[in-house]
Every structure is written in C-alpha cells, then in structure tokens.
Amino acid sequence: MTRIAGGTPRFGRLARHFLMRLADFELVAPGGEAHQTAVTGMALLGALNFIIALGLVWREALVPPAFEQVRTVVILGDASFLVALTMLFTALAGSLAWDGFFPNKQDAMTLGCLPLRPSLLLQARVFAVLLYLAVVVLSTNLFTALALPVLGSLHNGLFEVLRALFGWGVAVTATAATVFFAQIAVQGLLLAMLPYAAYRRLSAFLQLGIVLGTFLGFFLMPSATQALTTPLDRGVWIVPWWFVGLFSTIRGGAGALPGIYAVLGLAAPALAGLGALFIYSGQYRRILRNVCEQSEAGTARNAPLRHALERVLNLVLLRNPRTRAVFWFIARTVTRNRRHRMLLAISAAIGIAWAGQTLAQSIGAGWTASKQPGSTLLAVPLELACLLVIGLRALYGMPVDLQANWSFRITERGGVAAVRQAAVRFLWTVAILPVAWLPLPVYWLLWGGTRAVVHCTFLTLTGGALLEILMRNFYKLPFACSILPGKHNLRVTFAVYAATFTFSCWFVSVLEQDMLKSASGMAVGLALPSAVWLAMAVKRHMQEQPGRIRFDETGQPELELLQLQG
Amino acid sequence: MPEEPHLYTYLSGEEYLEMIALLREIASEAAAPRIDRFLRLLGLHSDRFTLMSSYSKGMRQKILLAAALLHDPKLLILDEPFSGLDVSSALILRRLITLLAAEGKTVLMNSHEMETVEKVAQRVVILYKGKVVADDSVEHLRSLMSLPSLERIFTQLAVEKDPSEVAAELVEAMRA
C-alpha cells in the first residue's frame, strides 16, 4: 500500500475522504462525525429491517407446515416487497450521494496539485463507492436476509436452507448492484457527453426523477405473486420480478417463476456494472477535463411565467418588504440548495407515491360508482399536504451557509414577526393551498359542488391548524440557525413521527367521511378544525413575545469592550 | 462590509442585492434602478443572473460593496475592502472613499495596505497587540516622527523585527 512520509496510508485517507463526500454526515450525526454517522445510519436502516423481519416471523407462524403452496405464494410476496425495498433504499442512497461519485472542481484543484497518481485516486474512489454500496445493502437487509430464506425453507432440510440463503444473497446483491451501477453509468455518461453546465442542470432533474420514480415504483409495483399468472411478454418489463425470479430459480421447488426472470436478474447487474466500469475506466480522465475546463455557472434568469407569478405573489401576499425578502430567500434556498432540494423531493415523493397508491386502491374499489366520498380518497390530499408541510418545516431547521447569515443580522429591524410571517406564508403557498384547492374541479365532478367546496375548506382549515402546531415557538430565520438535525435522536423521533402521521391522517379522513354525510355534519366538520386553529392562534398571540430573531442556540452574545485606549 | 465575502452563493448577484434592499425596507421601485446602476458601474451587469457560486473573490467583494452602499448610509464600515479587487476596481474604490468622505459621510476602514490608507485616510489609528499606538492624521504623524511614509511609521511602531531581515532568513531557510 502507498504510504506518505508520516507512515499514514494514502489510499486509506483518500478512500475516507471520498466516502465522506458520498454521505452527508452532518445530516445524520452531530458534528458530522464519521463513526456516529455510520452507527446512526445503519441503526436507522437496520431497525426498520428488524421490524420487517419480525413481521416475517409472525407471518410464518400463521402458515401451517402442510400448506406448501400457500407458503410459496407468501414467500414470493415477501421477496417481492423486500426486493422493492432494497431498490428504493439503494436508489435513495445513490441519489443522496450523487455528487460524490465523480470528481468535481474542488477535487481537481486540491487533489490535482498533490503528488498523487491518478490511478490511486481512481482506486480510492471506486473503493469508497463500493464500500458505501455494501453498507447500504447490509443495513437494509441485515435481518431479513436471514429471516426470509430460513423461514421459507425450514421444513425442507439444511441443504435447502443453505440454498435459499445463497439465492437470496445473490438476488439482493443483484438488485442493489443494478440500481446503483445504473445510476453511476447514466450519470457518468451524461457527464462525459454534455457540457458541464448543461450536465449540472439536467442532473438536478434526473436526481429528482429517480427519487420520485423509485417511490412510485415501490408503492405501485405489483407483487411477484402475480408473476405466476401474468403473461411473460408483460411480466419481463417489471424489473423487480427479475430478482425475485432469480431467487425463486436458485431456491427451486414448486411454484418457481419462469427461468427468463432469473436470466434477466443476472444480466441486469452485469450490464449495469460493465457500464459503470466503462465510465470509470474509460471516461474518468475526460470527465475530469470537462469538470476542470468548463464553467459550471448556473443562472437565475427569470422565465416569463415565473416572473409573472412572482409579481402576483408580491402584490397579493408579500406587501411587507421584509416578508417578501425572507419569502423569496426561502423559495430560492429550497429550490437551489442541493441538499434541501433532495430532502424536499423525498418528502414530496413519499406523499405523491402514497397518494398514488391510495388513488389506485380507490379506483380498484370502484370509487366512481358512489357519490359518497370514501375515507381512502379523502385521505389523499391530506397525506400529501401533511408530508409537504412536515418536510418543509424540517428543512427550515437545517442550516445553509451559516457564515452568510450576517446579511440578516446587520439588517435586522422590526423583530421576528415579518420573518415568521414569510415562513408561514411560504408553507401556505406551496403546500396547503395548492393541494387543497387545485383538485376542486375533480371533487366537484365526483361528489357535487357543496361537498367539494366543504372538503377543500376542511383541508384548508386542517392545514391551518397543522401549521399552528408545527410553527409553534418558531422565532428563527429558516436555514440560518445552527441547530443541526443530527443533534436530534433520529432513531426515536422518526418512529414517533411516522406513527403519529399515519394515525392522524387515517383518523381525520374517517372523521371527515362521516361529517360529509349530512349538512349538520359538514357544519361540525368545518367548526372543529377552525376551533383548534383559532384556539392555538389565540394562545400563540397571548404567549408571543415578538423580540429579535433567534439565530442559534447560544443566545444573544454579550457586548465586549475592546479597551483600545492607548 | 466584512473582509470575508460570505454570501448565499446559490443566489445571483442581482437577487442578493434585491434581498438586501428589501431587508433594508427600500421600496422595489427605488431599489431596482439603483441595483441596475450599481451592477453596471461595478462591471457585473453581464453576470447579474449568474449564481454567485461561480463569482470570483473580487466579484463577490464588489457585490458586498454594492450591498453596503445600497441604502446610502451615513456611516460605512469597510473591513479590508481592497482584498481580491482588480486594479481598476481598487482605484474606483479609492476615489469612492474620498468622495464619500468629502460628502460628509464617516468611513471607517481597516486595511493592511499602507499605501492606500496613506492616500485615502484623513485620520489613522495604528493598533499593536490590542493597544492604540498611534492616532492622528497621516501628515501630522509623518512630521512628528520625521519619517517619509506611513509604511515606515508602521514599521517603527508595530513591527518587532526588520522585514528585510525576515525575508532574507526565509530565503535562507528555503535553501537549507
């Protein structure tokens, strides 16, 4: 191994550096400490996987040993779900690490001047990428990789168990490798072919597309149990079935999927891997040259439509100049900062995919047959609005360019009221009002005018109450506070938030369904969220001490005299 | 105007100045032409839509200067304003400081460029180890200490070792 004068291995240092570029450490652990990040990240994914493994064990207990055919169908369903989950997490991990796969200008400028062989840099980067993939795959499959094959073949002897374990290992690795290497290959190809500025613009959309596409795929993908009855010419287009087929073929036994799925399941990672290898080995220098020589300057030229929208919002909603400044600061941060944009996209993608799944279920249940709105359909906009609002509220707490917040500090006047107003209005403008009112014509067609308008009003009022809850004690400038999310105990809070969100959406939509049945119910339905909203707003006004904007946790600095007298 | 140009680099120069104008409660109608004029005069008009992430240090410094002047302040505090500026921009800034002072505005500037300070400042304060070691006009200091330039005055008051000696030692150390 290559060593520098002090004896520290160069390769190890470089690999660690590239690994840190892949994972946004600050986001997961306090101070961005590598060990903490790895432990917290793996614990989060591993805990989820442990819960799923427990579910598999519980389900296994329900299937009597004699029912082999039922067991086969159950295993196919579970394998299908786990393959989709692995695809989802790998794609997300790839999207989050997007900028770390290839060298950027900073790499070229800092590492390029050091006496390091390009091949060493390339090896260290490839090692870091593979290590990152291994960590993601292991964390997302730690317990289920044992539970699924062992439980499914327990009654067939040790050899079958080992065979199933091997089969599942191959299938999961093939799944993750296909998704991961395909992302790298596509990204590298774009980077090699396009001018750098065009690549940067396109890559942002591609990244968002991957996030949205994977979530939609996860929620809407048909289970592999249907592969047994679906014609092959249609089935081969459903990618996750390839890997379930691979597992099913290696595992053998009754009810195995057609062999063509297994062939595709082996060919896909090989092709994706070759593509990534070709890009890394053949195009690396070209990419490096593109990155160094071409400008990456982005522009903020206003498109006419966007400009018109800005003018309308300025006139209607943002008359106070300070509110206007903060509102557009929030909008530009959310849309242009890569980390914030990604996290918002994940939040929105979960919402859209969840809503899409609910919608698909409703269509399956024949929703157009009745004029009576069902709770499943009523929950769709609520879920979407909630996820958007919660996602944006979480983003407000994540700092961006903290050293630049002096611009706000030196221009601070009139207290925190304008800042809070802008933050709240932004949430209204992008999350609650469009989700609540844009689908009005569809509701109108389905349920008639009165119910449609009441539903939209109900959503608006519920959104208002939700905003009051989420923006309680918010006296900060969004993104300008050094309270990092890594400081929260994600392992606990994530589960609490997820459970509260799921229960609340279900409960409110069931409540609304009952209320929409009669005029008196509608009146109560509108009065209830209004009362909650009003009560919380009054409480806030009574408690509120406008004061100055809070910028970080350290409180107001003390005034220190410099004692400059001679 | 701070020494380090820490800015929100995902904003364009124009967007940043608009934001500062709004934060200073300048009406949009008044701010827009002023910003446009500043950008033209500072040679940034063609880059007004470009995100500041690709601005050079000098360009960012000019944006900071424009932001500091936008609201026509009575007091201007400039921390190392010449750092990163190209020659012509530095000359403009030098004239600008003189003009603003002549208009009756107070300009408090911190700089290590003695030559510039000598040409621009009406009153100079020299700090050494946290203490004021000189506080007077340049002319008065020159005559008081019988030294020809501010640089020599500074060397006398605040430099422990002869700079030429240190430089020579450095060259020696390089060769050792």
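The values are calculated or read from the model by the stated rules, or taken from the named source; none is laboratory data. Keep in mind that this is a model prediction, so the values were computed, not measured. Note that each Cβ is placed from the backbone with ideal geometry, even for glycine, and that neighbours are counted across all protein chains shown.
Here are the numbers for the structure shown:
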{"quantity": "Filter result for the condition that a residue is free of Cβ contacts under 8 Å to residues at least 24 places away in the same chain and closer than 26 Å to B:LEU22 by Cβ, over B:ASP72, B:ASP79", "calculated": "B:ASP72"}
{"quantity": "Every residue from the range B:22-51 that is free of Cβ contacts under 8 Å to residues at least 12 places away in the same chain and either buried (at least 19 other Cβ atoms within 10 Å of the Cβ) or in contact with a strand residue (DSSP E or B) (Cβ under 8 Å, 6 or more places away or on another chain) (or both)", "calculated": "B:LEU22, B:LEU23"}
{"quantity": "Conditions (1) modelled with pLDDT under 85; (2) part of a helix (DSSP H, G or I); (3) surrounded by 12 or more Cβ atoms within 10 Å (Cβ to Cβ); number of the one not met by A:LYS517", "calculated": "(2)"}
{"quantity": "Checklist (1) within 16 Å of the chain's Cα centre (by Cα); (2) in a helix (DSSP H, G or I); (3) at pLDDT below 90 applied to B:LEU85, failing item", "calculated": "(2)"}
{"quantity": "Given (1) out of contact with any helix residue (DSSP H, G or I) (no Cβ under 8 Å at 6 or more places or on another chain); (2) among the hydrophobic types (A, V, I, L, M, F, W, C); (3) surrounded by 17 or more Cβ atoms within 10 Å (Cβ to Cβ), index of the condition B:ALA121 fails", "calculated": "(1)"}
{"quantity": "So A:TRP237, is it among the aromatic types (Phe, Trp, Tyr) and crowded, with 23+ Cβ neighbours inside 10 Å", "calculated": "no"}
{"quantity": "Residue in the range A:302-325 that is modelled with pLDDT under 80, not β-branched (Val, Ile, Thr) and not assigned by TED's automatic domain parsing to the domain that holds A:LEU402 present", "calculated": "yes"}
{"quantity": "Odd one out for A:GLY188 among (1) assigned to a helix (DSSP H, G or I); (2) touching a Gly at 6+ places or on another chain (Cβ under 9 Å); (3) without any contact (Cβ under 8 Å) to a residue 40 or more places away in the chain; (4) over 19 Å from A:LEU85 (Cβ atoms)", "calculated": "(3)"}
{"quantity": "Output for the range A:378-422, where each listed residue is outside any helix (DSSP H, G or I) and either buried (at least 19 other Cβ atoms within 10 Å of the Cβ) or within 14 Å of chain B (Cβ to nearest Cβ) (or both)", "calculated": "A:MET398, A:PRO399, A:VAL400, A:ASP401, A:THR411, A:GLU412, A:ARG413, A:GLY414, A:GLY415, A:VAL416"}
{"quantity": "The listed residue being at pLDDT below 90, within 13 Å of chain A (Cβ to nearest Cβ) and over 24 Å from A:ALA331 (Cα atoms), out of B:GLU25, B:GLU4, B:GLU115", "calculated": "B:GLU4"}
{"quantity": "Residue list for the range A:318-335, restricted to those being more than 24 Å from B:SER53 (Cβ to Cβ) and within 8 Å of chain B (Cβ to nearest Cβ)", "calculated": "A:PRO321, A:ARG322"}
{"quantity": "Residue check for B:ILE63: more than 10 Å from chain A (Cβ to nearest Cβ), in contact with a Pro (Cβ under 9 Å, 6 or more places away or on another chain) and either buried (at least 20 other Cβ atoms within 10 Å of the Cβ) or modelled with pLDDT of 90 or more (or both)", "calculated": "yes"}
{"quantity": "Tabulated pairs, the range A:270-283, first in a helix (DSSP H, G or I), second modelled with pLDDT under 90 and among the basic types (Lys, Arg), C-beta under 9 angstrom, 6+ apart or interchain", "calculated": "A:TYR280/A:ARG125"}
{"quantity": "Some residue of the range A:33-50 being modelled with pLDDT under 75, within 24 Å of A:THR140 (Cβ to Cβ) and either not assigned by TED's automatic domain parsing to the domain that holds A:LEU19 or not in a helix (DSSP H, G or I) (or both)", "calculated": "yes"}
{"quantity": "Candidates A:ALA182, A:ALA176 - the one that is in the same structural domain as A:ASP78 (by TED's automatic domain parsing) and buried (at least 24 other Cβ atoms within 10 Å of the Cβ)", "calculated": "A:ALA176"}
{"quantity": "Of all residues in the range A:299-314 being hydrophobic (A, V, I, L, M, F, W, C) and either touching a residue at least 60 places away in the same chain (Cβ under 8 Å) or within 11 Å of another protein chain (Cβ to nearest Cβ) (or both), the one that is nearest to A:ALA480 (Cα to Cα)", "calculated": "A:ALA300"}
{"quantity": "Residue satisfying condition, being under 22 Å from the mean Cα position of the chain (by Cα) and in contact (Cβ under 8 Å) with a residue 40 or more places away in the chain, within set A:THR175, A:THR225", "calculated": "A:THR175"}
{"quantity": "Residues satisfying the stated conditions in the range A:69-106, i.e. surrounded by fewer than 22 Cβ atoms within 10 Å (Cβ to Cβ) and in contact with a His (Cβ under 9 Å, 6 or more places away or on another chain)", "calculated": "none"}
{"quantity": "Hits in the range B:28-60 - residues which are among the polar types (S, T, N, Q) and within 11 Å of chain A (Cβ to nearest Cβ)", "calculated": "B:SER28, B:THR50, B:SER53, B:SER54"}
{"quantity": "Residues located in the range A:200-222, provided they are under 19 Å from A:ASP99 (Cα atoms) and over 15 Å from the mean Cα position of the chain (by Cα)", "calculated": "A:ARG200, A:ARG201, A:LEU202, A:SER203"}
{"quantity": "Criterion: in the same structural domain as A:ALA164 (by TED's automatic domain parsing), surrounded by fewer than 18 Cβ atoms within 10 Å (Cβ to Cβ) and assigned to a helix (DSSP H, G or I) - qualifying residue of A:GLY217, A:GLY245", "calculated": "A:GLY217"}
{"quantity": "So B:ARG95, is it over 30 Å from B:LEU69 (Cα atoms) and away from chain A (no Cβ under 14 Å)", "calculated": "no"}
{"quantity": "Criterion (in contact (Cβ under 8 Å) with a residue 24 or more places away in the chain, of a type in the set (Gly, Ala, Ser) and under 20 Å from A:ILE350 (Cβ atoms)) met by exactly one of A:GLY209, A:GLY217, A:GLY235", "calculated": "A:GLY217"}
